[in-house]
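**Q** Below are the structure tokens for one structure; questions will follow.
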Amino acid sequence: MIVDERMVTYIHSLETPESPLIEQIEQEALDTYVPIIRKETQSFLKVLLMMKKPVRVLEVGTAIGFSALLMCEYLPENGHITTIEKYEKRIPIARENFKRAGKEDRITLIEGDALEVMRSLEGPFDFIFMDAAKGQYIHYMPEAIRLLSKDGVLMSDNVLQDGDIIESRFAVERRNRTIHSRMRKYLYELKHNDQLQTSIIPLGDGVALSVKKTMTVEDKGELQNEE
Ligand code: SAH
Ligand code: MG
């Protein structure tokens, strides 16, 4: 845990419940070890959505649809979510959950590998929730930037690897080393990419919040000159 456990417990104690169905789906996910967005990250996401009011949302990593259903509660009336999942066992459960909540027409689930699906999508999306395989974020990044509208927001979850990110590569378990170095690269890129403004927040398992800059005519000219 990145943040002091008692602090997290205290913050959780202040949360108010969602609708019974959403609470139930969250419990079903936890009971079956499906990795879903943490409580404290949920409340941050809700506030962001209410501030940004995105009409088109892209989620990378549906799992069983918990975060998509949660987001749906906080979108404007005409808001729509496109969500991507490749794990065959989770896809029918997610579809069933969207049906249970009566949200089939507000959430479109696309089956397949996130990178391939992202490449096939057309933007712009006002908000992207990146929550799939951590080692792949760096590969999704160019597509995420392409798909974002100007002033679009990219929220990436689980970026601090439960604190492992600050350890040296050799202190990290061997099987986590590739993810470790790729995640460091991703965070570096998010902070140094000319098109993004990013804040890395030690919330939950680590959140990176980025906004796509509106490029001026001069910026575009410079980019072209570099090519
Ligand atoms: N957003 C969900 C949790 C997602 S867990 C919630 O908070 O409720 C991450 C999901 O990403 C897993 O279900 C996993 O199967 C999926 N995933 C991992 N790699 C993927 C890929 N390359 N393409 C599509 N989905 C992927
Ligand atoms: Mg996650």
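**Q** Between ARG6 and LYS213, what is the spin-label point distance in nm, taking each point 7 Å from the Cα along the Cα→C-beta axis?
**A** 4.3
**Q** Specify the residue with the greatest mean-square fluctuation among PHE129, PHE170, PHE98, computed from a Gaussian network of the chain linking alpha-carbon atoms under 10 Å apart.
**A** Looking only at PHE129, PHE170, PHE98, the biggest GNM fluctuation is shown by PHE170.
**Q** Would you work out what percent of the accessible area of the range 77-227, with all protein chains in place, is carbon or sulfur (probe 1.4 Å)?
**A** Details: 4000 of 8380 Å².
Looking at the range 77-227 in its full context, I get 48 percent from C and S.
**Q** In whole angstrom, how far apart do the alpha carbon centroids of the range 45-105 and the range 1-30 sit?
**A** Going from one Cα centre to the other spans 18 Å.
**Q** OK, next. Taking the alpha-carbon distance from LYS212 and a cut-off under 14 Å, which aspartates and glutamates remain once sequence neighbours fewer than 8 residues away in the same chain are dropped?
**A** Result set, ordered by chain and number: ASP126, GLU143, ASP151, GLU189, ASP194.
**Q** Follow-up question, since we're still on this one. Calculate, for LYS185 and TYR33, the FRET efficiency according to 1/(1 + (r/R0)^6) with r their C-beta to C-beta distance and R0 30 Å; round to the nearest 0.05.
**A** Plugging the Cβ-Cβ distance into 1/(1 + (r/R0)^6) gives 0.55.
**Q** Same structure, new question: Can you pull the Kirkwood radius for the chain, inverse mean 1/r over Cα pairs, to one decimal in Å?
**A** 18.3
**Q** Put a dot 7 Å past each Cα toward the Cβ at MET51 and ASP162; how far apart are the dots in nm?
**A** 3.0
**Q** Separation of the range 191-215 and the range 154-183 by C-alpha centroid, Å?
**A** With the range 191-215 and the range 154-183 each reduced to a Cα centre, they are spaced 17 Å.
**Q** For the chain, what does the accessible surface come to per residue with a 1.4 Å probe? Please give it in Å².
**A** 54
**Q** Something else now. For the range 85-142, run through the GluC sites (Glu not before Pro) and keep only the ones in DSSP coil with at most 14 other Cβ atoms within 10 Å of their Cβ. Could you put the intermediate results ahead of the total?
**A** Details: sites: GLU85, GLU88, GLU96, GLU104, GLU111, GLU116, GLU122; in loops: GLU88, GLU104, GLU122.
Taking the range 85-142 and a limit of 14 other Cβ atoms within 10 Å, the loop GluC sites (Glu not before Pro) found are GLU88, GLU104, GLU122.
**Q** Within the chain, what percent of beta bridges assigned by DSSP are antiparallel, to the nearest 5?
**A** 35
**Q** Got the relative contact order for the range 92-227 handy, in percent, Cα pairs under 8 Å and 6 or more residues apart?
**A** After rounding, I find 23 percent.
**Q** Per DSSP helix of 4 or more residues, -39500 (n - 2.57); summed, then divided by the residues of the chain. What does that give at 222 nm, rounded to the nearest 500?
**A** -13000 deg cm²/dmol
**Q** What do you get for chymotrypsin sites (Phe, Trp or Tyr not before Pro) in the range 1-73 restricted to DSSP loop and a cutoff of at most 11 other Cβ within 10 Å of the site's Cβ?
**A** Numbers: sites: TYR10, TYR33, PHE44, PHE66; in loops: TYR33.
When the chymotrypsin sites (Phe, Trp or Tyr not before Pro) of the range 1-73 are filtered for loop state and at most 11 Cβ neighbours within 10 Å, TYR33 remain.
**Q** Give me the number: length gained by fully extending THR108 to LEU14, i.e. 0.36 nm times residue separation minus the C-alpha to C-alpha distance, one decimal in nm.
**A** Length gained, THR108 through LEU14: 30.6 nm.
**Q** Could you calculate, for the range 144-190, the ratio of the Cα radius of gyration to the Kirkwood radius, expressed as Rg to Rh?
**A** 1.09
**Q** Reachable lysines from LYS103, Cα under 25 Å, same-chain residues fewer than 8 places away excluded?
**A** Candidates past the 8-residue exclusion: LYS39, LYS46, LYS52, LYS53, LYS86, LYS89.
The values are calculated or read from the model by the stated rules, or taken from the named source; none is laboratory data. Values in this document were obtained by computation on a predicted structure and should not be read as measured data. Here the Cβ is made from the backbone with ideal geometry for all residues, glycine too, and neighbour counts use every protein chain on show. Accessible surface areas use protein heavy atoms only, side chains included; no ligands, DNA or RNA. Shrake-Rupley method; radii C 1.70, N 1.55, O 1.52, S 1.80 Å.
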